[in-house]
Amino acid sequence: GQALCPECNQRKSNDMPGSIAPRPFQAESMEKAKINAREGKNSLVAVAAPGSGKTFMSLMVLNELWKKRHINTALIFVPRFNLCEQFESESGVFVREMGGPTMGKIFHVKNEPPLLGRAEDQFGIVTTYQSLISDPTLYERIVRRHRAAVVFDEAHQLGREDNPNRDIVSET
């Protein structure tokens, strides 16, 4: 695992072969998500280090849940703007590289409705924790109207004293 800037990460992923094989922890997370969905459980916590393939793992889990018709959209929250761009970019690569039917793309959005339906191939959204804090009802409406998966990337950052988003922990 390497921590790369979005441009280098994109360049590296463009060199990957067409068949994408999950790492053991990614495959385990996919299997656990499918089991949880079958059993009616609505949460999954995966602990993965930066640079280990968290975004790819999230995309694989979302795609599996979509294929099994457990979800029809996804909301992804990340701590920083650059991670929104990276998630959006990697979702495009994922959709292109996966064989067979896949969910649509995940687009970075700001708090400007409509969040969904911006493009025909849009499956979900990625935005920052700050966007969620500034208008939680905007996202709550999506969750209430759709079978939505919600991903909190780097959620461990939310409780840190130096994190401006730490109040979200007590509000949710």
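Readers should treat all values here as calculations from the given coordinates under stated rules, not as data from a laboratory. Model, not experiment: these values are computed from the prediction. Backbone-built Cβ (ideal geometry, glycine too); neighbour counts: all protein chains shown.
Data overview
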| read-out | value |
| --- | --- |
| Candidate lysines - alpha carbon under 20 Å from Lys68, same-chain residues fewer than 8 apart omitted | Lys32, Lys34, Lys41, Lys105 |
| Cα-only radius of gyration and Dmax that characterise the range 26-168, units Å | 14.5, 44 |
| Inter-label distance for Arg118 and Glu154, nm, one decimal - labels placed 7 Å from Cα along Cα-to-Cβ | 2.0 |
